Amino acid sequence: MPPAIPHPAARRATVFAPRLQALFDEHLGKDLARLEPDTIGIAGAELADRILSARKATETERPTFKPLHGRSISRTEASAGIRTIGRDIREALTHPIPERTDLSGPWPITGHMFLRDLVLRGDPYRLRILMSRKLEIDTKLTWTTIVVGAALPGRPKPGPRLTHTAHLVAEAEGYQDRRYAMGMYRRLAAPVCFTISTLVANALWLGAPFDEGVPSRNILYEAMRLLPPSWNLLRNRSPEYPVIDDRIRPGDDLLMLPLLTHRDPALWDAPDAFRPERWDTLDPDDTPGYMPFGHASERCWGRHMVMPLAELLLDHIRRTGLVVAPGQRTAEVPLLGLLGVKEIHIGPRSRIRRARA
Ligand code: HEM
C-alpha cells in the first residue's frame, strides 16, 4: 500500500509568542499556577468553574463594556447596544455573499475588511475608520480619532443609508454625547470585525482544506478549542476566591486560561490534534472545561452573531476553493488580548502554489 499522504495542515507549525509557549511548557495539565507574585493562572476546569460561578464580572473586568470615557455602561444600555448591532448583522445576513466575492489575500485583515463592508455598509468614513486595525496599536490613537470625528462639521444625519449602530451617533445631541456615541460605535462594531476574522483565520490555519462533509460550525468550535480568541479571562482579587482554594491569597488576581484548559490531557483525547469531528457528539455549551465564550453563568452576549457570520465566511471560502498557501509553513501567534495567527495567506489552489513561506 502506498504511504498515506499527510494532510497539508500537518506541515504547518504554529509559533506562539515566547510567553504563551512558556505557559504550555510550564503549566499544561496543572489546575493552578502562580504566574506573578500577585497573579494566579487557573487552568483546571473544575476550579475555573467554581471561580467563575462565585460572582459576576465587575464592570472593569468586562471585555466589551468597560466604562467608556469614564462613564459606566449600564446593563440596559449594553444590551440595547448589542440588540442594535445585532439588527445590522441580521440585515447583513439576509443576502448571500455573491459567488464572485474573492476572499483571497492575507488573513485576518482580508476578513476584517470584508466584515466591515458587509456589516457597516455605507456608514460615513469617520465611523468606518474606527474599525482600523492601526487604532489597536495605542488606545490614545482611538481616542484622538473619536475626538476629531465628533468635532468635525457635517456630522452624520439619520437616514436609510446609515446602519442602526451609526444612528446612535447621528441621533446624539451635542459634542459630548456624539463623542460617547462614537466610542460606543467602536465598542459594538470593532469586535465583529476583529474577533470573527481572527476566528476564521485560526480555523483555516489549523485545518484547511477541510473534508467536504464536515460542518463549518464544528470546524469553528474546534478552532476555538486550540486557539481560543479570548485566551484569558481576568477576575481581580475578591474575598470569594481564597475560600474556594487556599493556594489563592487575598491579594491575588486570577487569570482563567482557556488556552490551557482546552488542551488539558485529562479532558481531551489527542488534545493537540485538530479534530472537528469531536463536536459531532459534544455539546459546546455543556462540555466541561470548554469555555471559548466564557462561563455558563454569563456567556458572551455576541456569540449568536459570531457563529453565523463566521460560518458564512468559512462556507464561502470552502465553496470557492480557497486554501492556505502551501508554501507557508509557519504562522506566528503574538501575545495580544485577542489570540490568533498574525498573518496567513489564502488563495485559490491553482494560483497560490508557491506563495510565501
Ligand atoms: C470570536 C468571537 C468572540 C469570542 C471568542 C468572545 C468571547 C467572550 C468571552 C470569553 C466572554 C466572557 C468574558 C468574561 O467572563 O470575562 C465574552 C463576553 C462578552 N462578549 Fe464576547 N466574544 C466574541 C465576540 C463578541 C462580539 C462580536 C461581541 C459584540 C459586539 C461580544 C460581546 C460580548 C459582551 C457584551 C460580553 C459580556 C461582558 C462584557 O461586557 O464584555 N463578543 N465574550
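What does the convex hull of the alpha-carbon atoms of segment 197-308 project to on average, in nm²?
Values: hull surface 32.2 nm².
The orientation-averaged projected area of the Cα hull of segment 197-308 comes to 8.1 nm².
How far is the Cα center of segment 259-326 from the Cα center of segment 156-228, in Å?
17
To check you understand DSSP bridge types, tell me what percent of the beta bridges within the chain (both residues inside) are antiparallel, rounded to 5. Walk me through the intermediate numbers first.
Numbers: 15 of 23 bridges.
In the chain, approximately 65 percent of DSSP beta bridges are antiparallel ones.
On a C-alpha basis, how far is the centre of segment 34-67 from the centre of segment 97-155 in Å? Whole number, if you could?
31
Quick one: grab the alpha carbon gyration tensor of the chain, order the square roots of its eigenvalues as a ≥ b ≥ c, and give me rounded if a/c is under 1.5, else prolate or oblate depending on whether a/b is larger than b/c. If you can, show how the numbers build up before the last one.
On the way: a/c = 1.88, a/b = 1.09, b/c = 1.72.
In terms of gyration-tensor shape, oblate.
Counting each pair of different Cα atoms once, what's the Kirkwood radius of segment 118-258 in Å, rounded to one decimal?
Values: mean 1/r = 0.0545 Å⁻¹.
Over segment 118-258, the inverse of the mean reciprocal pair distance is 18.4 Å.
With all pairs of different alpha carbon atoms counted, what Kirkwood hydrodynamic radius in Å does segment 1-103 show? Could the numbers behind the result be given before it?
Values: mean 1/r = 0.0513 Å⁻¹.
It is 19.5 Å.
Coordinate-derived values only; no laboratory data. Being a predicted model, the structure only gives us computed values, none of them experimental.
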